Structure formats: C-alpha cells, structure tokens
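K.L.:
Just passing along the structure, written as structure tokens.
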Amino acid sequence: MKKNNVLVACLIMAMAFGTAWAVRGKFGHEQGAAWAGGIGAMALLLVAKRKDWYNNIFKISLAAAFGWGIGGMISYGAVVGYARADDFVNVYYGLLMLFVIGGLYGFLGGGLFGLTLIDTKETKVNWSTLIAEMVAFGLLTYGFLINQLELLMTPPRSELWAACFGACIPLGWYILRKNHRGVLRVALWSALGAGFGFAFGNALHVLGRSFHSPFNFWNVMEYSIGFFGGLGMSYATLTSTWPVLERQPKKWNVIMASLLVVFIPLVLWSQSFVASKFKFILDLGGNEQTILAFQWIGIVTIVISAFVILRNYLKIEFNYVDSRNVFLIYIGSYILLSFLLTGIYAHPIEQYLYLANVAVVLIVAPGLKETNLIKEERPITMFAVMALLIIVIALLAWLAFQFNSKPMPDVGRFQL
C-alpha cells in the first residue's frame, strides 16, 4: 500500500508540474520557467506531507524557481527542427540534444531544490559562495566551449546551454564533496526525467504534425518535460532520507515570498503582456482599448494574488491547508494569465486540460498518506536507466523519421 501511495504521489506532482510547464509554453524564457519551477516545488510539498517542509514553503519553492528558471535561457527552437529531418541521424541528433537540454533544466532545478531540504544548522548550505561559483563557471564554460572550441549546438541561435552546463559543474561538485546523496539523487533523477520528457515530447510533436492534428503539440512537448521532470524529482525526493528543517525567520520569509509572488510575476507580465502578443484580439474584432483592458487585468491579478499571500500566509507555523491555498493561488494566477494572453477569445483546447489537471491534484492530494519510502540505489542503476533512455530515444527518432514526409526546415544539419 505504501509503494502505491508513493507512486500516486509522484504522478500527482508530475501532473501539477506538467501543467505548470505547459502554461510556461505560453510565456517562455527564464521568468516562465521560474514560475513553473516554484509551482512544481509547492506541489511536491503537498504530496510529501511534511510539516517542516510546509514551514519552509517559500524558501524551497524559490530555490526550485531559481534552478528551473536558469534553464529558461537555453534556446531549443533550432534543435526541435532537427526532429523534422528526412534522415535518421539528424532526427536522433535533435532528440538527443533535447535530452541534454532537458537534463540541464532538471539538474539545476532538482539540485537547488534538493539543497534546501538539507539546509539545517548542521549542514548549512553556503548559498552565496555556491551561486558565485555557478555564475563564474557558467561564464568560463561558455567562453571555452562556444568562443574557443566553437562547439555549437543550436546555430544560429543562442548557445547559452553551455553556460547552464558550466553552472552544473560547481553545483554537482558541491553536492559530491558535501556527500549529500539525497540531493544528488534528486538532481540526477530530475535531469533524466526532464531530458527524456523533452525528447519524448518532441517525438509526439512530430507525430502530431504528421497526422495534421488540430491539437497544440507544442504544448504537449512542454507538458511532457514538466511531467517526466516532475516524476523524477518527486520519486527521488520521496525515496530519500532528509533531516528536519528549522523554521524560517519571518524577515526571510517576507523576502523570499516577495521574490516568488511579486518579482517573478511582474517580470513575466512586463515581458509577455506587450501589445504585439494580443494580435489575436484585433483579428477577432477587438481594439486597442480591449488590449489595454487585458493588460490591466493581468497586472491586477498579480497584485491581488501577491497581496493575499503576503497578507495571510507569512506564518511561522504552516499546515497542509495553508500550503494548498498558496499553491492554488500561485498556479491559479499563472493559468489565468495564460487565459488572458491566448485563450479568453480563442479558447484553445489545452486550457481546459490545465483546469482538469489542477482539479485532480486538489482532489487526490489530501487523501495521500505515507508517501515517504526510503530506497537505496547503487550508482550503476542511474547509468542503466540513462542507457535505456538513450536507446528508447533512438527508437523514438526512428519512429519520427518514418513519419517525416517533408524536408527539414533550414536550421542546419548535423553531419558525421
């Protein structure tokens, strides 16, 4: 029964994170990924049912937002184009590079999330030093791989995947030298899940395009990285041993909550709620005043959501209901903004699925019990899973190649 509870908990968290990542597809960039990362962490806390984690909800969620948000700087549009090639090698290259890109998302997001779970007086994380090292190594790695070696993955687009890869090096080294095995498991399983999810989602995207399906398969691909990344992240978290966390001082809760519910949403609004994004309103008979109204509704949504959270939930003692309410406000405002940007007039099908996923999470999560099951794993297990996923991705590449009937767009070709 306990194993079943862990499986259900992982699936529920994966659904919540997949939904958040699908919504992120409407916004893109670092701010969209950060908001989705914070939602994923909140969902994981809901199914983990640990009071000490509830009391640290803003710190844990902010770390996840920061980690998953870093990967948002990676460009992957050109790589997606390889999956539409008319030969197996290019298709496989595209899916493998998406596996790498998703892996970078997951390692950074899962790693920083995991570090907050061991950040106690006995195992204090030196955040300032770690972040400085990640920035320095990111810049140095980018300079070496891109400027010197010209190891280009996504030409002619941004190659900031190299900076993210560089940031993973000090993060991984910090985790290893401190012997935080649980954190390492979370980072690696998140990386494997998100990497596979991105590649698998793009394969589905190719198949959907081949069948001329009216469904938005870009959104399917975004949901896939969130679902499988969340599956890996929740599995490793719920099957590892963690210390009891101390409560956060209120002043730190104020700072971290403000970054989470004010700064990230406002950056997203400023970058996404520009007039050019509302062209569909003009096409459907609206005017500039309608666009202005939508922009104002967006900013009011953010302000009200932030006010409610900062006014009512800056507590020392948190419980499940408090955490659920913060999660609901945070994901609810995120979905509402996506409705404003793409769906109030046009009603895309996938937006109703967002609501269905959130409803399932809210219905099932309260009844979960005993969702922690400690499991020891040998390092060889991780390598075996990675090898298996690479083989599965090869099969997906072969399948996608069979359905590609049009030449690949002019995004470059990988040559042996």
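K.L.:
Work out which helices of the chain, taken as complete DSSP H runs, extend at least 15 Å along their axis over the Cα atoms and score a mean Kyte-Doolittle of -0.5 or more, then list them.
P.N.:
Span-like helices, by this rule, are 2-27, 29-48, 57-70, 88-116, 127-142, 161-177, 181-210, 217-238, 288-312, 320-342, 349-364, 379-403.
K.L.:
Just the Cα atoms of the stretch 221-336, one point each, no solvent: what log10 I(q)/I(0) does Debye give at q = 0.16 Å⁻¹?
P.N.:
-0.97
K.L.:
Mind checking which of Asn319, Asn287, Asn216 has the largest fluctuation in a GNM of the chain, springs on alpha carbons under 10 Å?
P.N.:
Its mean-square fluctuation being the largest, the pick is Asn287.
K.L.:
Helix-derived [θ] at 222 nm for the chain: sum -39500 (n - 2.57) over DSSP H runs of at least 4, divide by residue count, nearest 500?
P.N.:
-24000 deg cm²/dmol
K.L.:
Relative to the present Cα-Cα distance, how much length would full extension add between Asn312 and Phe211 at 0.36 nm per residue of separation?
P.N.:
Result for the pair: 31.4 nm of gain on full extension.
K.L.:
Moving to a separate point now. May I ask you to work out the translational diffusion coefficient for the stretch 90-139 at 25 °C, viscosity 0.890 mPa s, via Stokes-Einstein with Rh from the Kirkwood sum over Cα pairs, reported in whole µm²/s?
P.N.:
190
K.L.:
I've got another one for you. Measure off, as a whole percent, the carbon and sulfur share of the 1.4 Å-probe accessible area of the chain, all protein chains present.
P.N.:
For the chain, the apolar C and S fraction of the accessible surface comes to 68 percent.
K.L.:
About its Cα centre, how strong a charge dipole does the chain have in debye, to the nearest 20, once Lys and Arg get +1 and Asp and Glu get -1 at the Cβ?
P.N.:
With Lys and Arg at +1 and Asp and Glu at -1, about 1000 debye.
K.L.:
Under a GNM of the chain (C-alpha, springs under 10 Å), which listed residue has the highest mean-square fluctuation: Val308, Val80, Val262?
P.N.:
Result: Val308 has the largest fluctuation of those listed.
K.L.:
Taking a threshold of 24 Å on the Cα-Cα distance, which of the pairs Lys26/Lys315; Lys251/Lys369; Lys121/Lys251 fall above it?
P.N.:
Violating the 24 Å limit, Cα to Cα: Lys26/Lys315; Lys251/Lys369.
K.L.:
Run the numbers on the chain and let me know its relative contact order in percent, using alpha-carbon pairs under 8 Å that are six or more apart.
P.N.:
Normalised by residue count, the contact order of the chain is 29 percent.
K.L.:
If I take the Cα coordinates of the chain and project them onto the principal axes, what are the three extents in Å, biggest first?
P.N.:
Dimensions of the chain along the principal axes of its Cα atoms: 59, 58, 46 Å.
K.L.:
So, one more: Under 1.5 on a/c is rounded, so check that first for the stretch 41-146, then, if it is not, pick prolate when a/b is larger than b/c and oblate when it is not; a ≥ b ≥ c are the square roots of the alpha carbon gyration tensor eigenvalues.
P.N.:
Because a/c hits 1.5 or more and a/b fails to exceed b/c, the stretch 41-146 counts as oblate.
K.L.:
How charged is the neighbourhood of Gly37? Take every other residue with its Cβ under 15 Å from the Cβ of Gly37, and add Lys/Arg as +1 and Asp/Glu as -1.
P.N.:
Neighbourhood net charge equals 0.
K.L.:
Right, another one. Quick check of the Kirkwood formula: for the stretch 158-221, what is the inverse mean of 1/r over all pairs of different Cα atoms, in Å?
P.N.:
It works out to 14.1 Å.
K.L.:
GNM, the chain, Cα, under 10 Å: largest mean-square fluctuation among Gly208, Gly285, Gly32?
P.N.:
Highest fluctuation among the options: Gly285.
K.L.:
Distance from the Cα centre of the stretch 1-51 to that of the stretch 60-74, in angstrom?
P.N.:
13
K.L.:
At 7 Å along Cα-to-Cβ for each site, give me the label-to-label distance between Lys121 and Thr381 in nm.
P.N.:
3.3
K.L.:
Which of the aspartates and glutamates could a cross-linker bridge to Lys51, judged by Cα under 18 Å and excluding same-chain residues fewer than eight apart?
P.N.:
Asp119, Glu246, Glu317, Asp322, Glu370
K.L.:
For the chain, what does the accessible surface come to per residue with a 1.4 Å probe? Please give it in Å².
P.N.:
43
K.L.:
Ranked by accessible surface with a 1.4 Å probe, highest first, in what order do Arg311, Arg84, Arg185 come?
P.N.:
Arg311, Arg84, Arg185
K.L.:
From the Cα gyration tensor of the stretch 113-254, with a ≥ b ≥ c the square roots of its eigenvalues, which class applies: rounded if a/c is under 1.5, or else prolate if a/b is larger than b/c, or else oblate?
P.N.:
oblate
K.L.:
Moving on to the next point. How big is the accessible area of Arg177 in square angstrom, nearest 10, if you roll a 1.4 angstrom probe over the protein chains?
P.N.:
110
K.L.:
Mind giving me the nanometre distance, one decimal, between the label points for Phe144 and Val321, set 7 Å out from Cα along Cα→Cβ?
P.N.:
Each label point lies 7 Å from its Cα, and together they span 5.4 nm.
K.L.:
Across 5 Å bins from the origin, how do the percents of Cα pairs in the stretch 261-310 run, short distances first?
P.N.:
4, 22, 27, 19, 14, 9, 5, 1
K.L.:
Enter the accessible area of Glu350 (Å², nearest 10), with the probe set to 1.4 Å and all protein chains included.
P.N.:
Accessible surface of Glu350 is approximately 10 Å².
K.L.:
Quick one: give the max-minus-min coordinate of the C-alpha atoms of the stretch 30-102 along each principal axis, largest first, in Å.
P.N.:
Computed over the stretch 30-102, the largest-to-smallest principal extents equal 53, 22, 13 Å.
K.L.:
Let me ask something additional. Whole angstrom only: what separates the Cα centroid of the stretch 177-237 from the Cα centroid of the stretch 243-301?
P.N.:
25
The values are calculated or read from the model by the stated rules, or taken from the named source; none is laboratory data. Quick caveat, the model's predicted, so the values are computed rather than measured. Virtual Cβ from ideal backbone geometry, glycine too; neighbours counted across all protein chains shown. SASA here: full protein model, heavy atoms, side chains in, ligands and nucleic acids out. Shrake-Rupley method; radii C 1.70, N 1.55, O 1.52, S 1.80 Å.
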